[in-house]
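What follows is a short report on a single structure.
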Amino acid sequence: MADTTHLQMPLLAAAQAQKHVTHNDALLRLDAIVQLSVKDRHLTSPPGSPSDGDRYIPASGASGDWQDWDFNIAWYVDGVWTKLVPRGGWIAYVEDEGLVLIHDGTNWVKLPAATESWRVFAASAVAVSHTGNTTKTTLATVTVPGGAMGANGILRITSLWSHTNSANDKTARAEFGGAQYYSAILTTTATSRMYRTIANRNAETSQVGGAASGAFNWGSTTSALTTSSVNTSVDQDLVFSGQLANGGDAISLESYIVELLYQA
């Protein structure tokens, strides 16, 4: 039985029996391929509980039911994984990264017009407060999906804080993948604003940013730059936290905006 050239859909044969089987198979393939949107492109084995119709791009070293399916399309339908072989020009939206890819005939590559621009990745103006104890307390967490930055991408973080105007220490922090990129001890002030960038340095496992300590945002400082080796090819958390020296004081994360620039 012959298939179509581009989407490999089965064609009906003359005087074929059970034509509906072939026809339905073609419709299912259309449903899987047209307006292609995949869940993830960094897994090497199938997820534990897929839903019917889910699609993935298996990463290098695919195994299990995805054995040797590297960079193809893994499509889950009727309880079975099926491989779809992409052709040059296919476009796929990667749901967990908000990224658009195009297949160049050999590899999946980013679609420049859709990705080489700043986008608001996360934002909130709902205040979150901490008071009553001296424990370091998480006020907000933003998960950056693996691969969302690329080897040279940048996170741009702006946050607004309020705090008790007293001589006691109130510490505002921002950490990415466990690495501290902002830590300011705030005293005798009522509000503060934090601005930081975290940039990958030609690798998904190497970053640089401004000095972490103090309230330095622009201009000069005697403190060294912040560097880290966070693996951004996998999901990493950006965590805002507050800590008090006196539990009778308060510190609030009033708002934040996280912007992302993807660059390969």
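Quick notes on this one:
- Note on Thr143 and Thr171: with the Förster distance fixed at 25 Å, the Cβ-Cβ geometry gives a FRET efficiency of about 0.60.
- Equivalent-ellipsoid semi-axes of the stretch 225-264, from the Cα gyration tensor, Å, largest first: 30, 14, 10
- Distance between modelled label sites at Ser220 and Ser60, nm, 7 Å Cα→Cβ extension: 4.5
- Charges were assigned to the Cβ only: +1 to each Lys and Arg, -1 to each Asp and Glu. The resulting dipole of the stretch 69-219 about its Cα centre is roughly 500 debye.
- CD proxy at 222 nm, helix term only [per DSSP H run n ≥ 4: -39500 (n - 2.57); per residue of the chain; nearest 500]: -2000 deg cm²/dmol
- Sites Glu95 and Thr158 - FRET efficiency at Förster radius 30 Å, r taken between beta-carbons, to 0.05: 0.70
- The count of lysine pairs in the chain that are at least 8 places apart or cross chains, and whose C-alpha atoms lie under 26 Å apart, stands at 5.
- Which labelled figure in (i) 0.95; (ii) 1.02; (iii) 1.14 is Rg/Rh (Cα atoms, Kirkwood Rh), once derived from the coordinates: (iii)
- Relative contact order [Cα under 8 Å, 6+ residues apart], the chain, whole percent: 20
- Plainly put, the stretch 119-261 has a radius of gyration that is 0.97 times its Kirkwood radius, both from alpha-carbon atoms, as the Rg/Rh ratio.
- With Cα atoms, 0 to 90° folded angle of helix 19-33 axis to the chain main axis: 20
Laboratory data are not the source of any read-out in this text; all were calculated from the coordinates shown. Just so we're clear, the structure is a prediction, and the values are computed from it rather than from any experiment. Every residue, glycine among them, receives a Cβ derived from its backbone with ideal geometry; neighbour counts consider all protein chains shown.
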